[in-house]
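Inspection log for the structure reproduced underneath, given as C-alpha cells.
The values are calculated or read from the model by the stated rules, or taken from the named source; none is laboratory data. Bear in mind that the values here come from a model prediction, so they are computed numbers and not experimental data. FYI the Cβ positions are ideal-geometry reconstructions off the backbone, even for glycines, and counts take in every protein chain you see.
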Amino acid sequence: MIKIVNLAKRFGAVEAVRGVSLEVPEGAFLVLVGPSGCGKSTMLRMLAGLEVPTGGLIAFGGDVVSDGEQRWTIEPAKRNAGLVFQSYALWPHMTVAGNVDWPLKVAGWDPAQRSERVGEVLTLLAIYDLANRYPNEISGGQQQRVAIARMIAAKPGILLFDEPLSNLDAKLRVEMRTELLKIHRATGATSVYVTHDQVEAMTMASHVAVMNHGLVEQFGAPRDLVADPATAFVATFLGTPPNNLIAVEPAEGGASFAGGKLLPGLDVDRPVDFMYRAEDFRVSESGNSATLALEYAEASPIAGRYMVTGTVGSLRLTAVVDRAPHLSPGDTIHFHIPDRPAAVFAKNGERLS
C-alpha cells in the first residue's frame, strides 16, 4: 500500500532523512519509532504531503504521490490520507459533530450522507453523546477521539498519526492504545504511527521501523526486532528493559572487560560489544572470580518480577530476577555473567554474530 524508495529530506546542511526504503503492505500498522531528532516526524510529514522530499519517491497503492528528484508532490487533500497531530487542532467555534462534519462538507458529501457518517464515527469512538459540545467543554482524551473521528470520517485508505497520545496521562494512553487498534481494525486502513515510546511501538505495531540519525536501522515485526536485533542501537533501544551491552577487548586466554576480568574461551580479534539479555543475568549479594561486582542502584517491580540495576564506572547493567536483593543503594551487588553472549556487535554498531 505504501512504497518508499531512497527517500531523503535535507534542511540546508542537515540531513533529516537519509535514503530510506520501505514497503508497507495493505492493512498494516507501521510504527516509526526512535529518539527525538531521528527523522520520524519528517518522514510522516512527507507521507502526508506537508514536506516535499529532496530525494527518492513515495507511492500509495502504486501511484506516485511524491518525487524528490522532480521536487513534486500531490497536495495533502488529494492523496487519500488522514492525519492526526500531537495537538488536536480542533476548531473551537464548532461542536464535536461540526468538527467531524466539516471535512465531509468540503469534500462535497451531501447532507444526508454527512449526517449518517458523523453518527457512525462518533459511535465508533464512543463520543456520540458529546456531539453538541464544544472542544473546551470536553477532556483531552475526548478531544483526541474527536480528532481521530474527524480523520477517519472521509474513509481514507491511509491513516497517519504523529505522536497522538503524548499529551495524555499514562493510564489514558494505555486505554487509547487499545482504542486506536480497534479503529485500525474497523477501518481496514493502512496506518503509520510515529512515537518515541518503544512500549507503544511494540504493543501496537504489525511492523516497526526503528530510526536513528535519519536512517532506518531495522524494519520488521516487533517480536523479530526484539529476538534478533540487527544493530547495537536497536538492541539497546527496544525491550523493557533493553538489552545490556558490555565493551570487550581481546585478551590472552579469552576476552576481557570491566577492568581486566577474564572471560575464558571467548576469543575476539578486536574490541567489540557483547549483548546480554536482562533475563539471562543472575544476581547475588556475594560473589566470586566468575562474577562482576557493581554498585547497587535500584530494584523496580515489573510484572511480578524485579528489574535490578547496578553500575560500575560508565557501565550500567540491568537484570530481571524473581526476588529483589536485600541491599541499599551504594551496596555491592554481583552479576553472574552467562557463558556466552546473546549477540556480538562491532564498535560501529554492526552485528557480527
Only helices (runs of 4 or more DSSP H) wholly contained in the stretch 33-131 count here; list those with 1 or more residues that are closer than 30 Å to N212 by Cβ, of a type in the set (A, V, I, L, M, F, W, C) and at pLDDT 95 or above.
40-48
Going through the stretch 115-134 in order, the residues found to be surrounded by fewer than 20 Cβ atoms within 10 Å (Cβ to Cβ) and either of a type in the set (S, T, N, Q) or touching a helix residue (DSSP H, G or I) at 6+ places or on another chain (Cβ under 8 Å) (or both) are S115, R117, G119, T123, L124, A126, Y128, A131, N132, R133, Y134
Conditions first: (1) of a type outside the set (S, T, N, Q); (2) modelled with pLDDT of 95 or more; (3) within 21 Å of the chain's Cα centre (by Cα); (4) part of a strand (DSSP E or B). R10 passes all but one, so which condition is the exception?
(3)
Mind listing whichever residues of the stretch 184-226 are touching a strand residue (DSSP E or B) at 6+ places or on another chain (Cβ under 8 Å), closer than 24 Å to A149 by Cα and of a type in the set (V, I, T)?
T187, T190, V192, V194, T195
In the stretch 135-145, how many residues are assigned to a loop (DSSP other than H, G, I, E, B), surrounded by 15 or more Cβ atoms within 10 Å (Cβ to Cβ) and out of contact with any helix residue (DSSP H, G or I) (no Cβ under 6 Å at 6 or more places or on another chain)?
0
Give me the strands (runs of 3 or more DSSP E) completely within the stretch 236-287, filtered to those with at least 1 residues that are in contact (Cβ under 8 Å) with a residue 24 or more places away in the chain and of a type in the set (S, T, N, Q), ordered by residue number.
244-251, 282-284
Check L263, L225, L238 and return the single one that is touching a Ser or Thr at 6+ places or on another chain (Cβ under 8 Å) and either at pLDDT 80 or above or on the phi < 0 side of the Ramachandran plot (or both).
L263
Provide a single number: the residues in the stretch 306-353 that are among the aromatic types (F, W, Y) and within 17 Å of G239 (Cα to Cα).
1
